[in-house]
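Below is one structure, written out as structure tokens; comments come after it.
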Amino acid sequence: MDVADATLEPRLAALAIHPTGALWGRGELDTRDAARELEAEQTARFPIFCAGLEKQGLKQERRALRIQVGEVGFEVLDEATLRLAFTLPPGSYATRYFWSSWERLRPNLCQCSKQLLHIGGGMRCR
């Protein structure tokens, strides 16, 4: 690790910076060395999708692979309704956060409510 890279680990731990992933489109990968090789290998596995994204005019972009979620909470409104609340940074997707967190949240939510909860598209605590 060179001098410039010595600051990365504490910044990653403090959530000041995040690893990113490629969003495919026109242009060149913005990565180097092993990361570039890995991303090139992955895109080579799906040439038809990459070509389609390029044909639609999308440009190479990057997206953070993790997000810092703030102010997480929930409220049981009635026996069939649960209100979730959380804040996300710009560019994050609430649905992606919810689905990735559901399996961890479900047991605690069900235990707290002592009820069978129904959320959105038919998910139920079991």
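The values are calculated or read from the model by the stated rules, or taken from the named source; none is laboratory data. The structure displayed is predicted, hence computed values, not measured ones. All Cβ positions, glycine included, derive from the backbone under ideal geometry; neighbour counts span all protein chains shown.
Could you list, in sequence order, the residues of the stretch 30-57 that are assigned to a helix (DSSP H, G or I) and at positive phi? Give the derivation first.
Restricting attention to the stretch 30-57, the residues satisfying the condition of being assigned to a helix (DSSP H, G or I) are 33-44, 47-55.
Of everything in the stretch 30-57, just one residue is assigned to a helix (DSSP H, G or I) and at positive phi, namely ASP33.
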Residues being over 18 Å from HIS18 (Cα atoms) and surrounded by 10 or more Cβ atoms within 10 Å (Cβ to Cβ) - total across the stretch 28-54: 11
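Suppose the filter is over 19 Å from the mean Cα position of the chain (by Cα) and either at negative phi or loosely packed, with under 11 Cβ neighbours inside 10 Å (or both); does THR87 pass it? Step through it out loud before you land on a result.
Numbers: over 19 Å from the mean Cα position of the chain (by Cα): no; either at negative phi or loosely packed, with under 11 Cβ neighbours inside 10 Å (or both): yes.
For THR87, the condition - over 19 Å from the mean Cα position of the chain (by Cα) and either at negative phi or loosely packed, with under 11 Cβ neighbours inside 10 Å (or both) - is not met.
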Pair list, Cβ < 9 Å and 6+ apart or interchain, from the stretch 63-83 residues that are without any contact (Cβ under 8 Å) to a residue 24 or more places away in the chain and more than 30 Å from ARG11 (Cα to Cα) to residues that are in a strand (DSSP E or B) and among the acidic types (Asp, Glu): ARG83/GLU75
Some residue of the stretch 15-26 being assigned to a loop (DSSP other than H, G, I, E, B) and touching a Ser or Thr at 6+ places or on another chain (Cβ under 9 Å): yes
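Looking at the stretch 63-76, can you tell me whether even one residue there is at pLDDT below 95, in contact with a Gly (Cβ under 9 Å, 6 or more places away or on another chain) and in a strand (DSSP E or B)?
Pass one, the stretch 63-76, residues at pLDDT below 95: 63-76.
If we keep only those that are in contact with a Gly (Cβ under 9 Å, 6 or more places away or on another chain) too, we end up with 63-65, 67.
In the following step, the residues that additionally are in a strand (DSSP E or B) were identified as 63-64.
Taking every residue of the stretch 63-76 in turn, at least one turns out to be at pLDDT below 95, in contact with a Gly (Cβ under 9 Å, 6 or more places away or on another chain) and in a strand (DSSP E or B).
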Subset of the stretch 84-103 [aliphatic (A, V, I, L, M) and touching a residue at least 12 places away in the same chain (Cβ under 8 Å)]: LEU84, ALA85, LEU88
